[in-house]
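S.K.: This is the structure I have questions about; it appears just below.
Throughout, read-outs are computed from the coordinates displayed, never taken from laboratory work. Computed from a prediction, not measured in an experiment: that's the story for all the values here. FYI the Cβ positions are ideal-geometry reconstructions off the backbone, even for glycines, and counts take in every protein chain you see.
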Amino acid sequence: MIAFKNQTTTGIKASLLLASIIGCTTAVAQDTRHPQAMGLPAVKFERPNPDSLQLTLDNGLVAYVAEDHRAPLVTLKAYIGVGAGHGAAGDAAALAAAFRRGPQAMSAKEFNATLNAMHGEFSVSQDHEVTEIFLDVTADNSDKALKLMGQLLSEPSFEGTETGPQQRSSSASIDYNYSLVNAVAVFEEQLFAGHAFTRDATAEQALAANQGARALHARYVVGENVTLAVAGDFKRSAAVNDIRRALKPLSTDPAPAPESFPALAPAKQRELMLSQADRIQGWIVIGHELPIVPEDDEAALAVMDYILGAYHLDSRLYRSSRELRGLTNDNSSFLKPGVRGPGSYSFRTYGRPEVVRLLVDITFRELNAIRDTLPTKAELFVAKGALVDGIYADSYATGVEATQAYAREWLTLGSHARSESFPRRVAAVTAEAVRDAAQKYIHPERMIVAVLGPLDKIEAAPAIESEPQLSTWNNASPR
């Protein structure tokens, strides 16, 4: 049995070590050697065995259950193999709304009162292929929370206009009405226009969506098509018994065959999408579709993405935009692969109107550079270490993270072999493989360029480095 206790994770340890090397001012002389020359011990992370956490119910539902004693909380997350691409337009959204309203046996008022009594945090999110239900409560409400999750999955409330508690998508410190959120929306609406993932329901479909949601529920919300992550401050044996009782009512019908979704046809040229917003900054999203990524390409693509702009760290995009020029707080890449349908690969940044055109230009320079040149040995070393000893290790460092990673992986792939082999595959990535991945998955000549902001100020700003007007990026060959 695995029990996660209050301990420093591998990634945090690495961060503390770097801080002690770089940022501490003490009476002791600093060690200014490169970390590679310090003889540091190798990181010895082993992710928890998924078999030790897995539980399969008689109805086919697979759960991952872990004791996690870091805090007096219990975290539940259900993953359902149904998303925006399933059913008729509007059906999946109506199903998500039914889950947000709570179980059919409760009124909206009773549902909210129940959550409040458990000090619960609740949300429902839905992407193109999967719907997720999240519930976090105090440990003394573990059995009640599992019972509530079972009721919600088995019989959500299809009637009513209330939407129930929703996942937060804004912050009091940032104006999300005209910001990167909207720029991303402009980009994705154009990228997925006409695709099953982003269909707009007609008036007739909207009226029928409630019935369509019921049909989706009957077909897709069955034991074999749901996985559950359960982690918290409990005895695993007790939690297993509670799970068996609470999730027993879920349908025993066989899961539908996995559905594949059409690929997005690659654009033939770049397209510029401009949106006026009377704000003090401009927001930029540049990118294109991402085909399904085979396992053979996954590691090299991850290494390339880390070097270029992933995770908001010391990437090429970050250095060229912020460290060298101070134009923005962030310029990062967002690799969003699909499982049985297309995903997206985008690059996002923002800045005052005077620097927007230069940020677009710099981003394209870096996209072309990583396609044309090999990464340095240092870049390769850092990316491999960060991906395996940091990001991968942290993905399984706690009971909450491990159970959720395994539950989603089982739902989408039906196995844990791909994630188990990831460290070995990353270790084998060469500089040439990184460049090949860039050439295969980055195509500057056919990207969507979405810019939202005060367009008149952006266009009237004097050039800083001879950067072109935004119109240059519309239907143009790459620079």
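S.K.: So if R0 is 35 Å, what FRET efficiency would residue 324 and residue 193 give, r being the distance between their Cβ atoms, rounded to the nearest 0.05?
M.R.: Working: r = 36 Å, r/R0 = 1.03.
Efficiency computed from Cβ-Cβ geometry: 0.45.
S.K.: Considering only the other residues whose Cβ falls under 12 Å of the Cβ of residue 188, what net charge follows from Lys and Arg at +1 and Asp and Glu at -1? Don't jump to the answer; show the numbers that get you there.
M.R.: Working: positive: 336, 348; negative: 127, 189, 289.
Residues near residue 188 contribute -1 overall.
S.K.: If the only charges are +1 at each Lys and Arg Cβ and -1 at each Asp and Glu Cβ, what is the size of the charge dipole of the chain around the Cα centre, to the nearest 20 debye?
M.R.: Using only the charged Cβ atoms, the result is roughly 600 debye.
S.K.: Oh, and also: Output the 0 to 90 degree angle, nearest 10, between the alpha-carbon long axis of helix 431-441 and the longest principal axis computed from the alpha carbons of the chain.
M.R.: Taking the Cα atoms of the chain, the angle to 431-441 is about 70 degrees.
S.K.: Right, something else. Got a sec? Charge dipole of the chain, +1 on Cβ for Lys and Arg, -1 for Asp and Glu; which of 256, 229, 209 is way out at the positive end?
M.R.: After comparing all options, I get 229.
S.K.: Determine the dipole magnitude for segment 314-410: charges of +1 sit on the beta-carbon of Lys and Arg, -1 on that of Asp and Glu, nothing else is charged, the reference point is the Cα centre, and the result goes in debye to the nearest 20.
M.R.: It comes to approximately 320 debye.
S.K.: Residue 68's amide H: which non-local residues (gap 5+, or another chain) put their own amide H closer than 5 Å, with H modeled 1.01 Å from N in plane and none for Pro or chain starts?
M.R.: 4, 232, 233, 234
S.K.: Continuing with the same structure: Restricting attention to the alpha-carbon atoms of segment 271-473, what are Rg (one decimal) and Dmax (integer), both in Å?
M.R.: Answer for segment 271-473, Rg first and Dmax second: 18.1, 55 Å.
S.K.: How far is helix 356-372 tilted off the main Cα axis of the chain, in degrees rounded to 10, range 0 to 90?
M.R.: Relative to the chain, helix 356-372 is tipped by roughly 90 degrees.
S.K.: Length gain on complete extension for the stretch residue 43 to residue 219, per 0.36 nm per residue less the alpha carbon to alpha carbon distance?
M.R.: Working: separation 176, 0.36 × 176 = 63.36 nm, distance 4.53 nm.
Fully extending the segment from residue 43 to residue 219 adds 58.8 nm.
S.K.: For segment 405-479, compute the orientation-averaged projected area of the C-alpha convex hull (one quarter of its surface), in nm². Display every interim value, and only then the final one.
M.R.: Working: hull surface 36.6 nm².
With the hull built on Cα positions only, its mean projection is 9.1 nm².
S.K.: Greater than 19 Å separation of Cα atoms is the criterion. Which listed pairs, 5/384; 109/144; 77/144; 77/147; 44/377; 5/248, meet it? It would help to have the intermediate numbers written out before the result.
M.R.: Details: 5/384 28 Å; 109/144 17 Å; 77/144 15 Å; 77/147 13 Å; 44/377 23 Å; 5/248 30 Å.
Result: 5/384; 44/377; 5/248 exceed 19 Å.
S.K.: Under the rule of -39500 (n - 2.57) per DSSP H run of 4 or more residues, summed and divided by the residues of the chain, what mean residue ellipticity at 222 nm is obtained, to the nearest 500 deg cm²/dmol?
M.R.: Details: 16 runs with 175 residues, N = 479.
Dividing the helical sum by the residues of the chain leaves -11000 deg cm²/dmol.
S.K.: What list do you get for 95, 317, 207 if you sort them by fewest beta carbons within 10 Å? Mind dumping the intermediate values first?
M.R.: Values: 95 30, 317 27, 207 11.
The order, fewest Cβ neighbours first, is 207, 317, 95.
S.K.: Can you compute log10 of I(q)/I(0) for segment 94-150 with the Debye formula, treating each Cα as one identical point scatterer, at q = 0.24, 0.26, 0.30 Å⁻¹?
M.R.: Debye curve over Cα of segment 94-150, log10 I(q)/I(0) at q = 0.24, 0.26, 0.30 Å⁻¹: -1.01, -1.14, -1.35.
S.K.: Right, here's the next one. Among 96, 41, 118, pick out the residue whose Cα is farthest towards the positive end of the charge dipole of the chain, where Lys and Arg carry +1 and Asp and Glu carry -1 on C-beta, about the Cα centre.
M.R.: The one lying farthest along the dipole's positive direction is 41.
S.K.: Nearest 0.05, what FRET efficiency do residue 140 and residue 313 give at R0 = 45 Å with Cβ-Cβ as r? Write down the numbers at each step before the final one.
M.R.: Values: r = 39 Å, r/R0 = 0.87.
Plugging the Cβ-Cβ distance into 1/(1 + (r/R0)^6) gives 0.70.
S.K.: Ranking 45, 122 by Cβ neighbours within 10 Å, fewest first, what do you get?
M.R.: Ranking 45, 122 by Cβ neighbours within 10 Å, fewest first, gives 45, 122.
S.K.: Neighbouring Cβ atoms within 10 Å as the yardstick, rank 305, 394 fewest first. Please list the in-between numbers first.
M.R.: On the way: 305 25, 394 16.
Lowest to highest Cβ neighbour count: 394, 305.
S.K.: In 20 Å bins starting at zero, report the fraction of Cα pairs in the chain per bin as a rounded %.
M.R.: All Cα pairs, binned at 20 Å, distribute as 21, 52, 26, 1 percent.
S.K.: How many nm is it between the label spots at residue 259 and residue 463, if each spot is 7 Å from the Cα in line with the beta carbon?
M.R.: Here the modelled spin labels are 5.0 nm apart.
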